[in-house]
Amino acid sequence: MQELLGDVWPILGAVVLIGILAWAWWTKKQERDRIRSAAEARGWSYRPSDRSLTRRFEGRPFRYGRRGRTPLSGQARVDYRTTAVHVLEGEHRGRPLLAFEYRYRTERPSGTARGTSSGSRRRERVQVTEKHQIVVLGLHQPMPPFFLERRGLFGKAAQAVGVGPEAIGDPEFDERFVVGGVPADQAQEILTRDVRTWLLQEERADRCPVRVEGDGLLTHSRAELTVGRVAKAADFLAELLDRIETAERRP
(Lines give C-alpha, C1' and ligand atoms only; values in the text may rest on other atoms or scores of the structure.)
Protein backbone atom coordinates (compact mmCIF):
# COMPACT_ATOMS: atom_id res chain seq x y z
CA MET A 1 0.00 0.00 0.00
CA GLN A 2 2.79 2.42 0.91
CA GLU A 3 4.56 1.63 -2.34
CA LEU A 4 1.33 2.35 -4.22
CA LEU A 5 0.89 5.69 -2.44
CA GLY A 6 4.52 6.50 -3.15
CA ASP A 7 3.82 6.07 -6.85
CA VAL A 8 0.54 8.03 -6.75
CA TRP A 9 1.63 11.15 -4.85
CA PRO A 10 3.97 12.50 -7.57
CA ILE A 11 1.21 11.99 -10.15
CA LEU A 12 -1.35 13.79 -7.96
CA GLY A 13 1.10 16.62 -7.36
CA ALA A 14 1.67 17.02 -11.10
CA VAL A 15 -2.08 17.02 -11.76
CA VAL A 16 -2.65 19.70 -9.10
CA LEU A 17 0.19 21.84 -10.49
CA ILE A 18 -1.17 21.57 -14.02
CA GLY A 19 -4.63 22.49 -12.72
CA ILE A 20 -3.29 25.61 -10.96
CA LEU A 21 -1.37 26.73 -14.04
CA ALA A 22 -4.39 26.15 -16.28
CA TRP A 23 -6.63 28.14 -13.92
CA ALA A 24 -4.15 31.04 -13.82
CA TRP A 25 -3.91 31.05 -17.64
CA TRP A 26 -7.69 30.95 -18.03
CA THR A 27 -8.18 33.78 -15.51
CA LYS A 28 -5.71 36.02 -17.35
CA LYS A 29 -7.28 35.19 -20.69
CA GLN A 30 -10.74 36.06 -19.37
CA GLU A 31 -9.42 39.39 -18.08
CA ARG A 32 -7.74 40.21 -21.40
CA ASP A 33 -10.83 39.23 -23.39
CA ARG A 34 -13.08 41.35 -21.17
CA ILE A 35 -10.91 44.46 -21.54
CA ARG A 36 -10.41 43.89 -25.28
CA SER A 37 -14.15 43.58 -25.86
CA ALA A 38 -14.93 46.76 -23.91
CA ALA A 39 -12.14 48.67 -25.67
CA GLU A 40 -13.22 47.57 -29.15
CA ALA A 41 -16.78 48.67 -28.37
CA ARG A 42 -15.34 52.21 -28.07
CA GLY A 43 -13.24 51.88 -31.21
CA TRP A 44 -9.94 51.45 -29.32
CA SER A 45 -7.28 48.88 -30.09
CA TYR A 46 -5.93 46.48 -27.46
CA ARG A 47 -2.52 44.92 -26.85
CA PRO A 48 -1.77 42.58 -23.93
CA SER A 49 1.53 44.35 -23.09
CA ASP A 50 4.24 46.76 -24.25
CA ARG A 51 7.41 46.88 -22.13
CA SER A 52 8.71 49.98 -23.94
CA LEU A 53 6.02 52.10 -22.26
CA THR A 54 7.70 51.62 -18.87
CA ARG A 55 10.61 53.79 -20.10
CA ARG A 56 8.64 56.34 -22.12
CA PHE A 57 7.46 58.59 -19.26
CA GLU A 58 9.00 60.27 -16.21
CA GLY A 59 7.69 61.22 -12.78
CA ARG A 60 5.20 59.37 -10.61
CA PRO A 61 4.48 56.49 -10.65
CA PHE A 62 7.23 55.52 -13.11
CA ARG A 63 10.09 56.66 -10.89
CA TYR A 64 8.97 54.14 -8.26
CA GLY A 65 9.76 51.18 -10.47
CA ARG A 66 13.26 52.25 -11.46
CA ARG A 67 16.62 51.49 -9.95
CA GLY A 68 17.62 53.71 -7.05
CA ARG A 69 14.16 55.18 -6.55
CA THR A 70 11.68 53.80 -4.06
CA PRO A 71 8.25 54.97 -2.84
CA LEU A 72 9.26 55.23 0.81
CA SER A 73 12.92 54.85 1.68
CA GLY A 74 13.32 52.10 4.26
CA GLN A 75 9.67 51.08 3.97
CA ALA A 76 9.56 49.38 0.57
CA ARG A 77 12.15 47.67 -1.59
CA VAL A 78 11.51 47.71 -5.31
CA ASP A 79 11.87 44.87 -7.79
CA TYR A 80 12.86 46.76 -10.93
CA ARG A 81 11.10 44.41 -13.38
CA THR A 82 8.33 46.77 -14.45
CA THR A 83 5.60 45.94 -16.94
CA ALA A 84 2.93 47.76 -18.93
CA VAL A 85 -0.14 45.64 -19.64
CA HIS A 86 -3.63 46.12 -21.13
CA VAL A 87 -2.46 48.76 -23.60
CA LEU A 88 -5.31 50.74 -25.21
CA GLU A 89 -4.93 53.15 -28.13
CA GLY A 90 -7.43 55.09 -30.16
CA GLU A 91 -9.26 58.40 -30.22
CA HIS A 92 -11.36 60.05 -27.51
CA ARG A 93 -13.32 63.23 -28.12
CA GLY A 94 -11.19 64.11 -31.13
CA ARG A 95 -7.84 63.49 -29.42
CA PRO A 96 -5.31 60.60 -29.57
CA LEU A 97 -5.59 58.36 -26.50
CA LEU A 98 -3.11 55.99 -24.89
CA ALA A 99 -3.88 54.05 -21.71
CA PHE A 100 -2.27 51.13 -19.92
CA GLU A 101 -1.74 49.51 -16.54
CA TYR A 102 1.73 50.07 -15.09
CA ARG A 103 2.98 47.40 -12.68
CA TYR A 104 6.00 46.88 -10.48
CA ARG A 105 6.76 44.67 -7.48
CA THR A 106 7.75 45.83 -4.01
CA GLU A 107 8.50 44.24 -0.66
CA ARG A 108 6.64 45.75 2.28
CA PRO A 109 6.52 44.99 6.00
CA SER A 110 3.82 42.41 6.66
CA GLY A 111 2.94 43.52 10.19
CA THR A 112 4.31 40.33 11.77
CA ALA A 113 7.74 39.89 13.32
CA ARG A 114 10.10 37.00 13.99
CA GLY A 115 13.04 36.52 16.29
CA THR A 116 16.66 36.66 15.12
CA SER A 117 19.81 34.95 16.44
CA SER A 118 20.63 38.10 18.42
CA GLY A 119 17.28 38.01 20.20
CA SER A 120 15.85 41.05 18.39
CA ARG A 121 12.61 41.09 16.46
CA ARG A 122 12.59 41.64 12.71
CA ARG A 123 9.46 42.38 10.73
CA GLU A 124 8.55 39.94 7.98
CA ARG A 125 8.29 41.32 4.45
CA VAL A 126 5.84 40.33 1.74
CA GLN A 127 5.92 40.90 -2.01
CA VAL A 128 3.23 43.18 -3.42
CA THR A 129 2.46 44.05 -7.03
CA GLU A 130 1.62 47.75 -7.35
CA LYS A 131 -0.80 48.65 -10.14
CA HIS A 132 -1.40 52.10 -11.62
CA GLN A 133 -3.76 53.13 -14.41
CA ILE A 134 -2.12 55.55 -16.85
CA VAL A 135 -4.11 57.69 -19.29
CA VAL A 136 -2.57 60.09 -21.82
CA LEU A 137 -4.60 62.35 -24.11
CA GLY A 138 -3.05 64.24 -27.02
CA LEU A 139 -2.64 68.01 -27.18
CA HIS A 140 -3.99 70.08 -30.07
CA GLN A 141 -1.16 72.58 -29.64
CA PRO A 142 2.22 72.66 -27.85
CA MET A 143 2.05 73.35 -24.12
CA PRO A 144 4.73 74.06 -21.47
CA PRO A 145 5.60 71.07 -19.23
CA PHE A 146 3.48 72.04 -16.21
CA PHE A 147 1.96 69.75 -13.59
CA LEU A 148 -1.16 70.16 -11.46
CA GLU A 149 -2.14 68.11 -8.42
CA ARG A 150 -4.09 68.32 -5.18
CA ARG A 151 -2.12 69.87 -2.36
CA GLY A 152 -1.65 67.37 0.48
CA LEU A 153 -0.82 67.93 4.12
CA PHE A 154 2.93 68.00 3.47
CA GLY A 155 2.38 70.41 0.58
CA LYS A 156 0.40 72.76 2.81
CA ALA A 157 3.12 72.68 5.45
CA ALA A 158 5.76 73.37 2.79
CA GLN A 159 3.70 76.25 1.44
CA ALA A 160 3.47 77.76 4.91
CA VAL A 161 7.27 77.95 5.19
CA GLY A 162 7.83 79.00 1.60
CA VAL A 163 9.16 75.66 0.31
CA GLY A 164 8.08 73.94 -2.93
CA PRO A 165 6.50 75.26 -6.15
CA GLU A 166 5.70 78.95 -6.23
CA ALA A 167 2.06 79.93 -5.61
CA ILE A 168 0.33 81.43 -8.65
CA GLY A 169 -1.35 84.23 -6.71
CA ASP A 170 -4.89 82.90 -6.34
CA PRO A 171 -5.30 82.18 -2.58
CA GLU A 172 -8.29 79.83 -2.88
CA PHE A 173 -6.70 77.90 -5.74
CA ASP A 174 -3.23 77.81 -4.14
CA GLU A 175 -4.75 76.44 -0.93
CA ARG A 176 -6.14 73.44 -2.79
CA PHE A 177 -3.73 72.78 -5.68
CA VAL A 178 -0.01 72.72 -6.47
CA VAL A 179 1.13 73.90 -9.91
CA GLY A 180 4.75 73.46 -10.95
CA GLY A 181 7.15 72.89 -13.79
CA VAL A 182 6.75 76.47 -15.02
CA PRO A 183 7.11 79.95 -13.43
CA ALA A 184 4.07 81.33 -11.61
CA ASP A 185 3.30 83.93 -14.28
CA GLN A 186 3.32 81.26 -16.98
CA ALA A 187 1.10 79.04 -14.84
CA GLN A 188 -1.40 81.90 -14.66
CA GLU A 189 -1.40 82.16 -18.45
CA ILE A 190 -2.08 78.42 -18.80
CA LEU A 191 -4.61 78.18 -15.99
CA THR A 192 -6.67 81.32 -16.50
CA ARG A 193 -9.20 82.50 -13.95
CA ASP A 194 -12.00 80.68 -15.79
CA VAL A 195 -10.01 77.44 -15.83
CA ARG A 196 -9.14 77.76 -12.14
CA THR A 197 -12.77 78.42 -11.24
CA TRP A 198 -13.80 75.28 -13.13
CA LEU A 199 -11.11 73.19 -11.40
CA LEU A 200 -12.23 74.38 -7.97
CA GLN A 201 -15.73 73.12 -8.77
CA GLU A 202 -14.49 69.78 -10.17
CA GLU A 203 -14.25 66.80 -7.78
CA ARG A 204 -12.35 64.91 -10.48
CA ALA A 205 -9.50 67.40 -10.17
CA ASP A 206 -8.84 66.09 -6.64
CA ARG A 207 -8.44 62.51 -7.91
CA CYS A 208 -6.63 63.17 -11.19
CA PRO A 209 -3.14 64.70 -10.95
CA VAL A 210 -2.09 65.86 -14.42
CA ARG A 211 1.12 66.83 -16.17
CA VAL A 212 2.27 67.52 -19.70
CA GLU A 213 4.38 64.70 -21.14
CA GLY A 214 5.65 65.58 -24.62
CA ASP A 215 2.61 66.00 -26.86
CA GLY A 216 0.10 64.68 -24.33
CA LEU A 217 -1.51 65.36 -20.96
CA LEU A 218 -1.07 62.45 -18.54
CA THR A 219 -3.00 61.41 -15.45
CA HIS A 220 -2.54 58.38 -13.22
CA SER A 221 -4.34 56.61 -10.41
CA ARG A 222 -3.41 53.75 -8.11
CA ALA A 223 -5.85 51.18 -9.47
CA GLU A 224 -6.24 48.35 -11.94
CA LEU A 225 -7.15 49.46 -15.43
CA THR A 226 -10.76 49.22 -16.54
CA VAL A 227 -12.17 50.68 -19.74
CA GLY A 228 -14.79 52.57 -17.71
CA ARG A 229 -12.14 54.23 -15.53
CA VAL A 230 -10.07 55.08 -18.59
CA ALA A 231 -13.06 56.76 -20.26
CA LYS A 232 -13.83 58.84 -17.16
CA ALA A 233 -10.21 59.96 -16.78
CA ALA A 234 -10.02 60.77 -20.49
CA ASP A 235 -13.22 62.82 -20.22
CA PHE A 236 -11.64 64.95 -17.50
CA LEU A 237 -8.43 65.44 -19.50
CA ALA A 238 -10.41 66.40 -22.61
CA GLU A 239 -12.53 68.94 -20.76
CA LEU A 240 -9.48 70.47 -19.08
CA LEU A 241 -7.55 70.69 -22.35
CA ASP A 242 -10.52 72.20 -24.19
CA ARG A 243 -10.76 74.94 -21.58
CA ILE A 244 -7.01 75.64 -21.53
CA GLU A 245 -6.62 75.71 -25.30
CA THR A 246 -9.75 77.79 -25.83
CA ALA A 247 -8.62 80.31 -23.19
CA GLU A 248 -5.17 80.59 -24.81
CA ARG A 249 -6.74 81.46 -28.17
CA ARG A 250 -8.71 84.38 -26.76
CA PRO A 251 -7.45 87.86 -27.70
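Observations on the model:
- Meets criteria (open to solvent by less than 10 Å² (accessible area, probe 1.4 Å) and of a type in the set (A, V, I, L, M, F, W, C)) for residue 240: yes
Let's see how each residue does on (1) part of a helix (DSSP H, G or I); (2) modelled with pLDDT of 95 or more; (3) within 19 Å of the chain's Cα centre (by Cα):
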position: 132; (1), (2), (3): no, yes, yes
position: 168; (1), (2), (3): no, no, no
position: 175; (1), (2), (3): yes, no, no
position: 182; (1), (2), (3): no, no, no
position: 185; (1), (2), (3): yes, no, no
position: 195; (1), (2), (3): yes, yes, no
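- Scanning segment 211-220 for residues that are among the small types (Gly, Ala, Ser) and buried (at least 18 other Cβ atoms within 10 Å of the Cβ) returns a single hit, 216.
- Residue within segment 69-84 that is at pLDDT 90 or above and either open to solvent by 10 Å² or more (accessible area, probe 1.4 Å) or assigned to a strand (DSSP E or B) (or both) present: yes
- Members of segment 166-198 found to be in contact (Cβ under 8 Å) with a residue 24 or more places away in the chain and more than 15 Å from residue 244 (Cβ to Cβ), listed by number: 170, 172, 175, 176, 178, 180
- Subset of segment 35-59 [surrounded by 13 or more Cβ atoms within 10 Å (Cβ to Cβ) and part of a helix (DSSP H, G or I)]: 35, 36, 38, 39, 40, 53, 54
The values are calculated or read from the model by the stated rules, or taken from the named source; none is laboratory data. These numbers come from a predicted model, not from an experiment. When we count neighbours, we look across all protein chains shown, and the Cβ atoms used for this are built from the backbone with ideal geometry, even at glycine. Side chains included, ligands, DNA and RNA excluded: accessible areas come from the protein's heavy atoms. Shrake-Rupley method; radii C 1.70, N 1.55, O 1.52, S 1.80 Å.
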